[in-house]
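Beneath this line is the structure, given in structure tokens, with notes to follow.
The values are calculated or read from the model by the stated rules, or taken from the named source; none is laboratory data. Being a predicted model, the structure only gives us computed values, none of them experimental. FYI the Cβ positions are ideal-geometry reconstructions off the backbone, even for glycines, and counts take in every protein chain you see. The protein model used for the area step is the full one, side chains on, heavy atoms only, and it has no ligands, DNA or RNA in it. Shrake-Rupley method; radii C 1.70, N 1.55, O 1.52, S 1.80 Å.
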There are 2 protein chains.
Amino acid sequence: MSGRVRDEAAISAAVTALQARFGERVSTSASMREQHGHTLTWIPNQPPDAVVFARSEAEVVEIVRICAAHRCPIVPFGAGTSLEGHLNAAYGGVSVDVSAMDRIVAVHPEDLDVVVEPGIRRKALNEQLRDTGLFFPIDPGADATLGGMAATRASGTNAVRYGTMKDTVIAMRVVTASGEVVVTSRRAKKSATGYDLTRLFVGSEGTLGIITELTLRLSGIPEAISGGICPFPNVAAAADAVIATIQSGIPVARIEILDEAQVKACNAYSKLSLPETPLLLLEFHGTEAGVAEQSTRFGEIAADLGGGPFTWATVAEERTKLWTARHDAYWAGMAMRPGCQTFSTDVCVPISRLAECIAETKRDIEASGLFAPIVGHVGDGNFHVLPLFDPNDAAEIDKVKAFVGRLVERALAMEGTASGEHGVGTGKMKYLEAEHGRPALDAMSAIKQALDPQGIMNPGKIVTI
Amino acid sequence: MSGRVRDEAAISAAVTALQARFGERVSTSASMREQHGHTLTWIPNQPPDAVVFARSEAEVVEIVRICAAHRCPIVPFGAGTSLEGHLNAAYGGVSVDVSAMDRIVAVHPEDLDVVVEPGIRRKALNEQLRDTGLFFPIDPGADATLGGMAATRASGTNAVRYGTMKDTVIAMRVVTASGEVVVTSRRAKKSATGYDLTRLFVGSEGTLGIITELTLRLSGIPEAISGGICPFPNVAAAADAVIATIQSGIPVARIEILDEAQVKACNAYSKLSLPETPLLLLEFHGTEAGVAEQSTRFGEIAADLGGGPFTWATVAEERTKLWTARHDAYWAGMAMRPGCQTFSTDVCVPISRLAECIAETKRDIEASGLFAPIVGHVGDGNFHVLPLFDPNDAAEIDKVKAFVGRLVERALAMEGTASGEHGVGTGKMKYLEAEHGRPALDAMSAIKQALDPQGIMNPGKIVTI
């Protein structure tokens, strides 16, 4: 970390100026501040000094210019569902809440895209799109805002087929640290003109600017969907089935793994009776004939590798129940030890190393005496571990932290990354040098310095300058 | 353009130092220098002062450090097939030829990726991969190097299904202006840790560093391929068929348009007898049953929109002949007026505007009295125009330049881009401000300044500092 400290005078001057301009839309109440420093994280709360509620891009520009004039830190806020302390106000400052900027600006069905404000949440977006026959496929566990999802390069269960936010954001409008509005790209599907600012801002976690508009690629709602569950004797066999499926070109839409511990948690929480062995949950999108063919072929692959039977159906009701249980994995884990919190973490490795990485992690969990279900987007080599801990037990917290450190080291040793989709925040900054190497981190710092020379945009995240 | 001028003393000192280190692998012969400043472009040749042939990343580091010590411009060179003067040595300097760095470093069939050196060409890569059952789908017209394809964010006929270089480069090693080796990402399929350096370097046209290694995503060679030709009464009907096809979720692998002029040129050059009306060329990838279903459904859509009949087959021979003709479109156009050159240019618009953009462009071609076939990756809204001109006729050259200016303006007015896949080079820099706006261009300049403060990496391209 840099030697930077909190600048009381600067913050106080900025908050006063914001109050003069925005009146009651600036809150300094303790509860509001705490809520805006709070996320689904194990990291202790660091509240901002004030929260300002923006209603338009023009207002965001005004807020940034006021903060820039005083060199006051800015932390953009959407839904507060991030997992690695992205919203912690490490040096205090102002939380800029864009959740009220939640409109759909334009839908272009012929181009399969939609233009939205950053505060719209993913479920609301899809509800409003329903009549168009199109949907937005990226589905992190939480009902996050699209601005937050872009800022953290989110993905989810559909990523194996539809990509992540880096693949589905076509263009953005971003207010940078100087209060300029950068338009990152045109609405055309591709371009070869100039540096790819869109993907530079995707995943930059608010450290380079505040997203004020997004153009997103949509997909057609599939004519038919089939899905089901396939049990495996062990994680290695399940991972082999995933590799064979993807290699054979089956365009699987979702392929998720739940280990025994997670299946138990889901059975208890979601009142299911799934077999308590490693499971793959699958979904196929296409025509009626297409999904039938894909499902049958997957069943054959699974059987060849000692798994199955793969029971699948195209009935919506059963499928919804299953995927709701999958999305509730986080809560199901927590419910296994009431009063406990979950230290939700994720890593991602090349898929060829996935079985080995999960197996070693399970041995580590056992040796550590932790309860830590595993659930993963196995088609991407990305898995989550959800160790439970008692927030009042300092020794257990240390044990979990040490476990997460070993998990990240293990992933990095297998050509993997410290996070497939949760991001860096304040929680994983310490692993960046080991992952990227000094020259790459220096390049990131140089970019941060170039675009935010005062270091006001979400300071203390990703890189310090 | 900046006020920068060619620095004779710096260049001379760098070339002397390179000769001392690399001996005969530094060439200053006029023919070698001219060949390295030459590309498939209408832009007059600006040769470098010397060409140095690198054999390894370590050598590239040495070369860059020598040039950096003298502030001597560096222009990376692969195959010399770019179209917009990317390799012109605007301020002289050294061409760094990496074409001998053409090995496959590692293939990971389970992860569907390959690690290559930058000088390998796309056809050689696929020939060497054939036994693995995998292929690399990006296919620009030329047999370019993978390093050059990444540097220019290339795409091609498969992009509608498989994406462009931005989607298929997983990671790179890049020697930056300071002679450091930046590793842009891990080999895992996705990551949420830090700025997306991979995609920042993809499309940066050598202005931020020299690519020395690439990890590329591969796809399984499809079990079955079907393809064929579908005539349409006009371009608008063809474009409507494309939109309907994509909206309905048919995962078309290739969907290309040829206008009447291009069909005539291809018939003459490739000895075919295609109907001389706007044509869509299509290809579907999948299982035997899958491609039959896709082909049949497309045929129905085409018939509904006044096109057809769509004749398709899964026989490889006919298909190869057709796609070879498509890839030879550039040469076919040239053959229509012997002694002429082609001013190959491309734009990309949202697909909903494609028919209108092509129709207006055709009226412009007619009014201008030009011969300019049109061919396009219509599934991406991207099309090429290939005006022919007599290189000795200054008035005709001016006429073509004015036409290209209007074409770009037209695309920009339709939310499009000045280039879908050819890139900026020196040819299209003048359109960048109109396309991206001043704040975005300022951000690009700030990034360039941050990563190449001396301005030695391919100066005079994309942004000036």
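Observations, loosely collected:
- Residues being open to solvent by 10 Å² or more (accessible area, probe 1.4 Å), touching a Pro at 6+ places or on another chain (Cβ under 9 Å) and in a loop (DSSP other than H, G, I, E, B) - total across region A:180-204: 4
- Pairs, first at the interface with another protein chain (Cβ under 7 Å from one of its Cβ atoms) in region A:436-454, second charged (D, E, K, R), C-beta under 6 Å, six or more apart: A:Pro439/B:Glu180
- Tally of residues being out of contact with any Phe, Trp or Tyr (no Cβ under 6 Å at 6 or more places or on another chain) and either without any contact (Cβ under 8 Å) to a residue 60 or more places away in the chain or surrounded by fewer than 16 Cβ atoms within 10 Å (Cβ to Cβ) (or both) across region A:113-131: 10
- Tally, over region B:128-179, of residues that are part of a helix (DSSP H, G or I), over 15 Å from B:Leu197 (Cα atoms) and in contact with a helix residue (DSSP H, G or I) (Cβ under 6 Å, 6 or more places away or on another chain): 4
- Every listed requirement among (1) more than 22 Å from the chain's Cα centre (by Cα); (2) within 26 Å of A:Gly194 (Cα to Cα) is met by B:Ala50 save one, (2).
- Qualifying strands (runs of 3 or more DSSP E) (wholly inside region A:242-321; at least 1 residues being surrounded by fewer than 21 Cβ atoms within 10 Å (Cβ to Cβ) and either within 23 Å of the chain's Cα centre (by Cα) or modelled with pLDDT under 90 (or both)): A:311-313
- Matching helices (runs of 4 or more DSSP H) fully within region A:351-459 where at least 2 residues are within 30 Å of A:Ile210 (Cβ to Cβ) and modelled with pLDDT of 95 or more: A:394-413, A:432-436, A:438-451
- Yes/no for A:Gln46 being under 24 Å from A:Gly141 (Cα atoms) and outside any strand (DSSP E or B): yes
- Residue within region A:390-403 that is facing chain B (nearest Cβ under 9 Å), touching a strand residue (DSSP E or B) at 6+ places or on another chain (Cβ under 6 Å) and open to solvent by 30 Å² or more (accessible area, probe 1.4 Å) present: no
- Any hit, region B:209-225, residues being more than 12 Å from chain A (Cβ to nearest Cβ), open to solvent by 10 Å² or more (accessible area, probe 1.4 Å) and of a type outside the set (Ser, Thr, Tyr): yes
- Evaluation of A:Leu214 against (1) in contact with a Leu (Cβ under 6 Å, 6 or more places away or on another chain); (2) more than 30 Å from A:Ala446 (Cβ to Cβ) (one fails), failing number: (2)
- Residues (among the small types (Gly, Ala, Ser), touching a residue at least 60 places away in the same chain (Cβ under 8 Å) and within 20 Å of B:Leu40 (Cα to Cα)) located in region B:405-434: B:Ala418, B:Ser419, B:Gly420, B:Gly423, B:Gly425, B:Gly427
- Of the strands (runs of 3 or more DSSP E) lying entirely inside region B:52-112, those containing at least 3 residues that are open to solvent by less than 20 Å² (accessible area, probe 1.4 Å), in contact with a strand residue (DSSP E or B) (Cβ under 6 Å, 6 or more places away or on another chain) and more than 30 Å from B:Pro222 (Cβ to Cβ) are B:74-77, B:94-97.
- Selection count, region A:30-43, where residues are part of a loop (DSSP other than H, G, I, E, B) and buried (at least 20 other Cβ atoms within 10 Å of the Cβ): 3
- Of the residues making up region B:137-163, those that are facing chain A (nearest Cβ under 9 Å) and buried (at least 23 other Cβ atoms within 10 Å of the Cβ) are B:Thr152, B:Arg153, B:Ala154, B:Ser155, B:Ala159, B:Val160.
- Residues located in region B:357-382, provided they are open to solvent by 50 Å² or more (accessible area, probe 1.4 Å) and either of a type in the set (Ser, Thr, Tyr) or free of Cβ contacts under 8 Å to residues at least 60 places away in the same chain (or both): B:Glu360, B:Arg363, B:Glu366, B:Ala367, B:Gly369
- Count - residues of region B:407-425 that are over 20 Å from B:Lys461 (Cβ atoms), of a type outside the set (D, E, K, R) and more than 9 Å from chain A (Cβ to nearest Cβ): 2
- Of all residues in region A:177-189, those that are more than 7 Å from every other protein chain (Cβ to nearest Cβ), more than 22 Å from B:Asp167 (Cβ to Cβ) and touching a strand residue (DSSP E or B) at 6+ places or on another chain (Cβ under 9 Å) total 1.
- Filter pass, B:Lys166 being surrounded by fewer than 19 Cβ atoms within 10 Å (Cβ to Cβ) and among the charged types (D, E, K, R): no
- Any chance B:Lys428 is more than 13 Å from chain A (Cβ to nearest Cβ) and in contact with a helix residue (DSSP H, G or I) (Cβ under 8 Å, 6 or more places away or on another chain): no
- Among the residues making up region B:80-124, those that are within 14 Å of another protein chain (Cβ to nearest Cβ), more than 19 Å from the chain's Cα centre (by Cα) and on the phi < 0 side of the Ramachandran plot are B:Val105, B:Ala106, B:Val107, B:His108, B:Pro109, B:Glu110, B:Asp111, B:Asp113, B:Val114, B:Val115.
- Only residues that are within 10 Å of A:Glu213 (Cβ to Cβ) and in contact with a helix residue (DSSP H, G or I) (Cβ under 7 Å, 6 or more places away or on another chain) were counted across region A:95-120, and they come to 2.
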